[in-house]
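The values are calculated or read from the model by the stated rules, or taken from the named source; none is laboratory data. On a predicted model such as this, the values are computed, not experimentally measured, just so you know. Quick reminder, even Gly has a Cβ in these numbers, built from the backbone with ideal geometry, and neighbours come from all protein chains shown.
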Amino acid sequence: MGEKEHHVHFGGGSGVGKDNNIMIYPQRHGHLDVHLGFLQLYHKYHVEFSVPWNLCIQDEGKTLAPAVIVDIPNTNCRVIDFAHDKDGLRLKVELLAYKEKLLKEEIQVMCCKSGNPLKILLNARVLGKGKGTPLLRNGVRSIGIEGDDDDEVSDWTGFNSQD
């Protein structure tokens, strides 16, 4: 065997690693899956992405800019800002990666108060402590680290049987 046969070669047209964007997959009507890639445990992130959005047409024939955020109490995932742009509705979400492995969080957006909600499921793979530092996708920005329960620094001395 020649030396060239022992090496892996990727063609120039291969798209592997070139597109690091958040992936948005339409599911059944009224549902979207948003894949955020890899995140790190106990890190808090700002996630910005656009979803396709049509303008609401009210009974009077007037066109309104839509978007009513459905307030679902969730301390780990919340919409902090939204605006309309050329691509649709641009959302900014604050997300805490509070558990390892697969993280799924849902947000909902409505066209108007009487409309059906668009359910957006955020999916991420969360790396635990000591598992490495992920390359964040475009639109995902780390904004801080929350304290974890297994902190190595503790002033607790344990149970003392000498009392």
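Cβ contacts < 7 Å: first residue farther than 27 Å from VAL51 by Cα, restricted to the range 124-146; second residue among the acidic types (Asp, Glu) and surrounded by fewer than 19 Cβ atoms within 10 Å (Cβ to Cβ), any location; separation 6+ or different chain. Result? Taking only residues 6 or more apart or on different chains, the pairs are GLY128/GLU100. Pairs needed: first member in the range 80-102, modelled with pLDDT under 90 and basic (Lys, Arg); second member anywhere, in a loop (DSSP other than H, G, I, E, B) and crowded, with 17+ Cβ neighbours inside 10 Å; C-beta distance under 8 Å; at least 6 residues apart or different chains. Between residues of the range 80-102 that are modelled with pLDDT under 90 and basic (Lys, Arg) and residues that are in a loop (DSSP other than H, G, I, E, B) and crowded, with 17+ Cβ neighbours inside 10 Å, there is no close pair. The residue that is surrounded by the fewest Cβ atoms within 10 Å (Cβ to Cβ), counting only those in the range 90-123 that are in contact with a Gly (Cβ under 7 Å, 6 or more places away or on another chain) and over 15 Å from VAL79 (Cα atoms), is ASN116.
For the range 70-88, state whether one or more residues are on the phi < 0 side of the Ramachandran plot, assigned to a loop (DSSP other than H, G, I, E, B), surrounded by fewer than 16 Cβ atoms within 10 Å (Cβ to Cβ) and hydrophobic (A, V, I, L, M, F, W, C). Steps first, answer last, please.
Residues of the range 70-88 that are on the phi < 0 side of the Ramachandran plot, as a first pass: 70-87.
With assigned to a loop (DSSP other than H, G, I, E, B) added as a condition, the list becomes 71-76, 86-87.
In the following step, the residues that additionally are surrounded by fewer than 16 Cβ atoms within 10 Å (Cβ to Cβ) were identified as 71-76, 86-87.
Filter again for hydrophobic (A, V, I, L, M, F, W, C), leaving 72.
Yes, there is a match, as at least one residue in the range 70-88 is on the phi < 0 side of the Ramachandran plot, assigned to a loop (DSSP other than H, G, I, E, B), surrounded by fewer than 16 Cβ atoms within 10 Å (Cβ to Cβ) and hydrophobic (A, V, I, L, M, F, W, C).
Please find, among GLY15, GLY37, the residue that is surrounded by fewer than 13 Cβ atoms within 10 Å (Cβ to Cβ), among the small types (Gly, Ala, Ser) and either outside any helix (DSSP H, G or I) or at pLDDT 55 or above (or both). Before you say what the answer is, go through the steps one by one.
Working: GLY37 fails: surrounded by fewer than 13 Cβ atoms within 10 Å (Cβ to Cβ).
Just one listed residue meets the conditions, GLY15.
Residue by residue through the range 137-159, note down the ones that are of a type in the set (Ser, Thr, Tyr) and either exposed (fewer than 10 other Cβ atoms within 10 Å of the Cβ) or at pLDDT below 60 (or both).
SER154, THR157
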